[in-house]
Amino acid sequence: MSLRRIGALFIPYKWPLAVVTAIIVASSLVSLASPFLLRAVIDNALPQKNLQLLSWLVIGMVAVAAISSGLGVIQTFISTKVGQQVMHKLRTSVFEHLQRQSIAFFTRTRTGEVQSRIQNDIGGMEAVVTSTATSIASNLTTAVATAVAMVALSWRLSLISLVVMPPAIYLTRKVARMRKAITTEQQRELADLNVTIEEGLSINGVQLAKTMGTSPSLIQRFSASSARLIDLELRSQLAGRWRMASLSIIFAAIPAIIYEAAGLPATAGVISIGTLIAFTTLQNTLFRPITGLLNTSVSVVSSLALFARIFEYLDLPVEIDEPAHPVSIDPAQVNGHVTFEDVTFAYPGADRPALSDVNLDVPAGSTLALVGETGSGKTTLGSLMARLYDPSSGSVRIDGIDVRDLRLADLAAVVGVVSQETYLLHTTVRENLRYANPAATDEQIEDAARAAQIHDLIVSLPDGYDTMVGSRGHRFSGGEKQRIAIARTLLRNPRILVLDEATSALDTETERAVQQAFDHLAKGRTTITIAHRLSTVRNADQIVVLDHGHVVEAGTHTSLLADQGRYAELAA
């Protein structure tokens, strides 16, 4: 993966980074005055007992430290702000791109895996993104400026100091490659851990574990994954540690070699005490940024594994995307005439199409019921209506317009879906209803609840509409959740309704109440009902029987019974 793509993340912040670079250069240059001030103290002020010169030199040392510290604070503020803005943009980009992915992507991807990419992978990059650019600039500037000052003091001693560089760079490259491989393993293991948490600690997961007696095995699975993370973290921290330790020993040995060299007969008296002390001070100053640069390079190479995982998600193709040239419509003016023209659809990897050459005409304001055995293609047809998938061939049209030519927001305003599995957010009843229409007033929310025959139940709760529904609405029964979902759909006021087996899991009494709410919801709208129980569709204007993706019968309840065909068999 090219470092150019990572660098492109910082392009919008080139001016703040330029200011940071200027501050770093200024701070490095100011800091270089300290060794020369120290040399003047030792070689001039102290031997000459010049108190005035000594005072000025000491004031200069304090001033250098104060200026460097002040510049450091400003640099940290700007660089951290830029880093956090880059992190924010990266997080937002990944979330936005994943929101554009089709249902098929989330069907084949573990929920914990998606969360891990956003939380663990992007979180793991934070230190690198926030501090890497400024760390490189700071350490590089300091190293170059210090090297120049060392040469100015003594070019001979400088040659001794710089002999350590080639082995240091070589060892650092090896350590970086080791840590990159370990980082990739760590992120995979973190993703697995996230999946275990998602599956084991969600309300449905806990219920399943308790009823199946699998809690001990889940705990064991979590413990094993956590233990592997300990091992990987140890390997990551210790990877190449002995190599870097050997460098520290070499760095520590260099000053001793310089003292030895300064005492040799050939060099004795050539270098003053002040110069020697100033030089070794500079040398320590040089080794610090060099070590920083080496460690930063290790961090950058290690983080490439994280960037690769994030860019992998950002590069996912969008299967259901906005049209290049959308047809503008006013959702309030849509009639709701739906047609399916030669629609064929196959799920990826499926042996046969889920739908084959389906042709249907649903006049505006009429009711279409889709019936058939499990796997006949009923739900798939409803999903194509809401454009959760696109047909492999053929088209789905609303008032003659292909749904693929409509903006996704316009289509969502026109087509409302109520499915068997109602998803409620972990917030209040009021906010769950307002999710469909953020601008809805409390009065509109209550009117929708009354129409869905759920208002009386809600107001009987201890906190009324401000009652927390719990994770996935678990505190409500299936029929109650369905009626909340109906109220939510009423607030959107869609022209076309898709009711996907919305009452199949309910008891007879609850089904009757929900069906009454559906009848109210469907008034004046085009309704496509996917039915498991034929009792719910006998009054439909048109009933279509599907079998293995094919339309095998169509007509009214009475005519289909009279034909004694597939529908009559299902009714029996």
### Query
Quick check: is even one residue across region 7-23 under 27 Å from A308 (Cβ atoms), in contact (Cβ under 8 Å) with a residue 40 or more places away in the chain and outside any helix (DSSP H, G or I)?
yes
### Query
Among the residues of region 549-571 satisfying the criterion of being closer than 15 Å to V537 by Cα and of a type in the set (S, T, N, Q), which is surrounded by the most Cβ atoms within 10 Å (Cβ to Cβ)?
T556
### Task
Confirm whether I310 is more than 28 Å from the chain's Cα centre (by Cα) and not hydroxyl-bearing (S, T, Y).
no
#### Entry: A40 being in contact with a helix residue (DSSP H, G or I) (Cβ under 7 Å, 6 or more places away or on another chain) and at pLDDT below 85
yes
### Task
Collect the residues in region 106-125 that are crowded, with 21+ Cβ neighbours inside 10 Å and of a type in the set (S, T, Y), keeping them in residue-number order.
S116
### Task
Could you tell me whether any residue of region 520-527 is modelled with pLDDT under 75 and on the phi > 0 side of the Ramachandran plot?
no
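Conditions (1) among the charged types (D, E, K, R); (2) loosely packed, with under 13 Cβ neighbours inside 10 Å; (3) at pLDDT below 85, marked per residue:
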| site | (1), (2), (3) |
| --- | --- |
| V62 | no, yes, no |
| L71 | no, no, no |
| T76 | no, no, yes |
| T80 | no, no, yes |
| V86 | no, no, no |
| T92 | no, yes, no |
| H97 | no, no, no |
### Task
Within region 367-411, track down each residue that is among the aliphatic types (A, V, I, L, M) and free of Cβ contacts under 8 Å to residues at least 60 places away in the same chain.
L384, V396, V403, A409, L411
### Task
Give the residues of region 99-122 that are out of contact with any Ser or Thr (no Cβ under 9 Å at 6 or more places or on another chain) and farther than 13 Å from A191 by Cα, sorted by residue number.
Q99, R100, S102, A104, F105, F106, T107, R108
### Query
Does D351 qualify as being among the charged types (D, E, K, R), free of Cβ contacts under 8 Å to residues at least 40 places away in the same chain, surrounded by fewer than 20 Cβ atoms within 10 Å (Cβ to Cβ) and not in a loop (DSSP other than H, G, I, E, B)?
no
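Okay, residues lined up against (1) free of Cβ contacts under 8 Å to residues at least 12 places away in the same chain; (2) touching a Ser or Thr at 6+ places or on another chain (Cβ under 8 Å); (3) not assigned by TED's automatic domain parsing to the domain that holds R309:
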| position | (1), (2), (3) |
| --- | --- |
| V41 | no, no, no |
| N50 | yes, no, no |
| M61 | no, yes, no |
| K81 | no, no, no |
### Message
Can you find a residue that is of a type in the set (S, T, Y) and within 28 Å of T280 (Cβ to Cβ) anywhere in region 56-70?
### Response
yes
### Query
Got at least one residue in region 46-61 being small (G, A, S) and closer than 28 Å to T275 by Cβ?
yes
### Query
Right, D463: modelled with pLDDT of 80 or more, under 12 Å from T428 (Cα atoms) and surrounded by fewer than 16 Cβ atoms within 10 Å (Cβ to Cβ) or not?
yes
### Task
Say whether the condition of being crowded, with 18+ Cβ neighbours inside 10 Å, among the polar types (S, T, N, Q) and not in a strand (DSSP E or B) is met by at least one residue in region 389-412.
no
### Query
Among the listed residues D405, D399, D390, D410, which satisfies the condition of being of a type in the set (D, E) and in contact with a Lys or Arg (Cβ under 8 Å, 6 or more places away or on another chain)?
D390
### Query
Going through region 209-240 one residue at a time, which ones are surrounded by 15 or more Cβ atoms within 10 Å (Cβ to Cβ), among the hydrophobic types (A, V, I, L, M, F, W, C) and either under 28 Å from Y423 (Cβ atoms) or at pLDDT 70 or above (or both)?
A209, L218, F222, L229, L232
### Per-region count, region 541-567, residues touching a Ser or Thr at 6+ places or on another chain (Cβ under 6 Å) and either closer than 14 Å to K378 by Cβ or in a strand (DSSP E or B) (or both)
4
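The values are calculated or read from the model by the stated rules, or taken from the named source; none is laboratory data. Because the structure is a prediction, the values reported are computed rather than measured. As a convention, Cβ positions derive from the backbone with ideal geometry for all residues, glycine included, and neighbour counts pool all protein chains shown.
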